[in-house]
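Colleague: One structure is given below, represented as structure tokens, and several questions about it will come after.
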Amino acid sequence: MTFGSTARTLRAAAAALALAATGDAWAAHAYAQFGDVKYPPGFDHFDYVNPKAPKGGAIDLVPPLRITNFDKYNPFTLKGTAAPGLGDLVFETLLTGNFDEPTTAYGLLAEDVQVPPDKMSVTFRLNPAARFHNGKPVLAADVKHSFDTLMSKQAHPQYRVVFGDVAGCTVTGPLTVRFDFRKASAELPLLVGGIPVFSRDWGAGKPFDQVITDIPIGSGPYRIGRVNFGRDISYNRDPNYWGRDLNVRRGTYNFDRITQKIYKDNTAQTEGFKAGEFDYIQVFSAKDWVRSYVGKKFTSGEIIKESLKPKNAGDFQGFLINTRREKFKDVRVREAIGLAFDFEWINHMINYDAHTRVRGFFNDSDFEAKGLPGPDELAVMEPLRKLIPEKIFTQPVPMPPTTKPPDSLRGNLRKARELLAQAGWTYRDGALRNAKGEPFTIEYLSDGARGEVIVTPYFQQLAKLGIQGTIRRADFALIQKRLDVFDYDLFIVRIPGREAPGTDLIDQFSSKSADTEGSSNWMGIRDPAVDALVELVATATTRPELVARLRTLDRVLRFGFYVVPQYYSRAYRIAYKSGKFERPAVAPSYYRAEDWVVSTWWRKQ
């Protein structure tokens with residue numbers, strides 16, 4: 001499981017240990033944050049799988065990523081682009097999430113887990129049957145090695161941010177390992193349960209950032225198979241996979257071979273799918289869905305189009321504004337450039353009215369701030385009064401601008417011009433200029449036409465304010481390097497909805513991550529109030545507490561106008577070849593489309 005998918009699966013999870021006994025007894029099979037554990041000890045399988053699903057066959061797909069190649073097999077370092085699928089298929093974790101309970105995880109490499117009453121540590125006992133791909137047992141020393149390696153400067157810096165409150169990892173026996181925390185936390189035991197575990201033999205002792213094309217030694221259900229380096233990679237199911245009979249694995253990972261194909265061009269990808277070059281795709285563009293995914297093969301039923309509607313929280317998508325740039329430091333400037341984005345026109349003319357407007361960072365969830373702060377939010381805000389502007393206590397949370405009557409784009413641009421003038425930017429000599437006479441320019445990094453379809457009309461509106469927008473095209477690998485060092489003005493990011501955000505928000509919003517190369521604080525947010533709130537979120541002990549703190553965080557962030565909100569889809573749009581696959585009768589509640597397909601579908605016999 002990759003760091004990203006670990007966070008995706010487990011950051012939503014919480015921490016109320018499901019102990020069947022008390023004291024030092026080893027009896028916990030699962031770990032949940034605020035509610036009950038659905039599956040009891042000894043359960044047979046998850047409800048959303050077919051435990052009798054036949055094994056065999058293959059599936060070819062494209063990853064739901066923007067990468068255009070890959071150049072390494074190590075997904076845990078900063079430099080380079082890892083092959084897609086590695087994390088989930090090759091590496092395993094101590095605990096694993098599921099698609100029914102966004103705040104619960106069950107034992108995978110660990111067969112038992114224990115948290116003391118003070119919640120200052122967690123101890124895992126490993127399953128003695130667990131084996132790496134080289135046949136060696138998974139030992140506590142491997143867990144410690146993995147953790148220490150990920151916390152080193154040779155690994156991606158995000159690990160040191162997210163696991164910053166983990167004081168250390170101690171081997172207490174050949175199969176037992178304890179993580180100690182710097183503060184009591186209901187979430188940390190779950191986060192460390194999501195650490196990917198790899199063999200000490202991987203890389204043969206080389207510095208970890210020099211472990212690049214060494215074949216990973218994990219313990220997951222698949223091994224790397226045929227590779228067309230940089231373009232395609234296949235994973236072959238391990239016939240000797242140690243965990244194939246575990247209840248958390250029964251009925252899952254049924255394909256003998258999973259192949260991920262990478263296309264540099266979106267059009268080539270679409271045409272390749274229709275030509276039969278691969279089996280499955282998730283479509284993100286509403287325009288493509290309506291105009292490109294049509295034709296004889298669709299009407300004949302040879303290719304199936306389907307919209308999936310899980311119960312997931314809504315995604316976030318928007319232009320992130322890099323506040324490290326001097327021109328974006330004034331909040332009035334950031335609010336002004338957001339007023340030029342005409343969502344209604346773009347949604348109707350380009351997206352066929354298929355999308356919903358992004359309002360904040362936690363759309364369509366309990367964590368979305370609305371209207372004026374309620375008593376629970378005020379209780380969170382009051383101790384931080386010196387850090388939070390008064391208007392956030394007294395004014396409704398900002399909503400994105402609209403051009404629906406009686407509002408209009410003309411009115412929005414007029415307001416934008418006033419805000420820019422207040423911030424020292426006025427129109428003269430053919431451009432919007434500051435007191436030094438410097439023109440206001442915005443550069444957008446583009447990796448393809450998909451984003452440009454939105455950016456072009458947006459820049460046309462910004463031009464009416466005197467702002468010159470330019471689009472700089474580059475391969476996504478180059479763009480990723482510039483994002484890692486925060487060298488950009490404006491960039492579009494989509495963040496999947498989260499059912500229970502937590503410690504991961506420290507990496508996304510905190511001051512200490514703002515200067516951390518490769519962090520997710522792309523916007524460069526440095527706000528003491530935000531710092532305090534993300535810490536409060538990470539230490540929430542009840543769900544009502546978590547809800548109030550996240551709503552407050554959403555409210556404070558939205559008053560900061562760090563993004564130009566765009567839109568999100570309430571459904572996954574997928575297409576796949578007809579007659580090749582079968583799937584369980586029961587659909588899960590919370591999932592990502594590709595995860596569900598890859599892990600629970602099977603090849604039709």
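Colleague: Which of rounded, prolate, oblate describes segment 76-187, given a ≥ b ≥ c as roots of the alpha-carbon gyration tensor eigenvalues and a/c under 1.5 marking rounded, otherwise prolate only if a/b is larger than b/c?
Modeller: rounded
Colleague: In segment 486-525, if the dipole is taken from +1 on Lys/Arg beta carbons and -1 on Asp/Glu beta carbons about the Cα centre, which of 492, 520, 503 is farthest to the positive end?
Modeller: 503
Colleague: While we're looking at this one, here's another question. Run the count for segment 75-180, please: Lys pairs, Cα-Cα under 22 angstrom, 8 or more apart or on different chains.
Modeller: Eligible lysine pairs with Cα atoms under 22 Å apart amount to 4.
Colleague: Right, next: Check residue 72: other-chain or 5+ apart residues with amide H under 5 Å from its amide H, H built from backbone geometry?
Modeller: Counting only residues 5 or more places away or on other chains, the set is 81, 83.
Colleague: On a 22 Å Cα-Cα criterion, which of the cross-link pairs 38/604; 183/386; 296/580; 52/311; 329/415 come out too long?
Modeller: Beyond 22 Å: 38/604; 183/386; 52/311.
Colleague: Give the span of segment 207-306's Cα atoms along each principal axis, as three whole-Å numbers ordered largest to smallest.
Modeller: 47, 36, 21
Colleague: Note down the relative contact order for the chain as a percent, whole number, built from C-alpha pairs under 8 angstrom at least six residues apart.
Modeller: Dividing the mean separation by the residue count of the chain yields 21 percent.
Colleague: May I ask you to derive the FRET efficiency for residue 587 and residue 391 from their Cβ-Cβ distance with R0 = 41 Å, giving the value to the nearest 0.05?
Modeller: That gives a FRET efficiency of 0.40.
Colleague: Place a point 7 Å from Cα of residue 478 in the direction of its Cβ. Which residues in segment 484-527 have their backbone N less than 19 Å from it?
Modeller: Label zone hits: 484-492.
Colleague: Oh, and also: Once you have a ≥ b ≥ c as the square roots of the Cα gyration tensor eigenvalues for segment 200-250, tell me rounded if a/c is under 1.5, and otherwise prolate or oblate according to whether a/b is larger than b/c.
Modeller: oblate
Colleague: Ignoring ligands, DNA and RNA, what percent of the accessible area of segment 518-605 is carbon or sulfur (1.4 Å)?
Modeller: 51 percent
Colleague: When the convex hull of the Cα atoms of segment 126-206 is projected onto a plane and the area is averaged over all directions, what value comes out in nm²?
Modeller: Seen from a random direction, the Cα hull of segment 126-206 projects 5.6 nm² on average.
Colleague: What number does segment 399-502 give for Rg over Rh if you use C-alpha atoms and the Kirkwood radius?
Modeller: Rounded to two decimals, Rg over Rh is 1.03.
Colleague: Here is a follow-up. Could you quote the convex hull projected area for segment 477-588, Cα atoms only and averaged over all directions, in nm²?
Modeller: It is 10.5 nm².
Colleague: Hey, what do the phi angles of segment 457-468 turn into as Karplus ³J(HN,Hα) couplings, whole Hz, using 6.51/-1.76/1.60 and θ = phi - 60°, x for Gly and Pro?
Modeller: My calculation for segment 457-468 gives x, 5, 5, 5, 6, 4, 4, 5, 8, x, 8, 8 Hz in order.
Colleague: Right, something else. How fast does segment 262-388 diffuse by Stokes-Einstein, in µm²/s, taking the Kirkwood radius from C-alpha pairs at 4 °C and 1.567 mPa s?
Modeller: Stokes-Einstein gives a translational diffusion coefficient of 68 µm²/s.
Colleague: Can I ask one more? Please express the Cα-Cα pair-distance distribution P(r) of the chain as a list of whole percents, one per 10 Å bin, running from 0 to the bin with the greatest distance.
Modeller: Spelled out per bin, shortest first, that is 3, 16, 26, 27, 18, 8, 2, 0.
Colleague: I would also like to ask the following. With only alpha-carbon atoms in the gyration tensor, what are the semi-axes of the equivalent ellipsoid for segment 40-130, in Å, largest first?
Modeller: 29, 22, 13
Colleague: Something else about it: By the gyration tensor of its Cα atoms, with a ≥ b ≥ c the square roots of the eigenvalues, what is the shape of segment 364-429: rounded for a/c under 1.5, prolate for a/b over b/c, or oblate?
Modeller: It comes out oblate by the Cα gyration axes.
Colleague: Turning to a different aspect of this structure: Filter the trypsin sites (Lys or Arg not before Pro) in segment 112-204 to those in DSSP coil with at most 11 other Cβ atoms within 10 Å of their Cβ, and list the result.
Modeller: Passing sites in segment 112-204 are 153.
Colleague: I've got another one for you. In percent, how large is the relative contact order of segment 424-520, given Cα pairs closer than 8 Å and 6 or more residues apart?
Modeller: Taking the mean separation of contacting Cα pairs over the length of segment 424-520, I get 25 percent.
Colleague: Here is a further query. Going by average Cβ neighbours within 10 Å, how do the peptides 440-448, 203-211, 81-89, 330-338 rank, with the highest at the top?
Modeller: Those peptides, ordered most packed to least, come out 81-89, 330-338, 440-448, 203-211.
The values are calculated or read from the model by the stated rules, or taken from the named source; none is laboratory data. Please read all numbers here as calculations on a predicted model, not as lab measurements. Neighbour counts are summed over all protein chains in view; Cβ atoms, including those assigned to glycine, are modelled from backbone coordinates with ideal geometry. These accessible areas exclude ligands, DNA and RNA; they are computed on the full protein's heavy atoms, side chains included. Shrake-Rupley method; radii C 1.70, N 1.55, O 1.52, S 1.80 Å.
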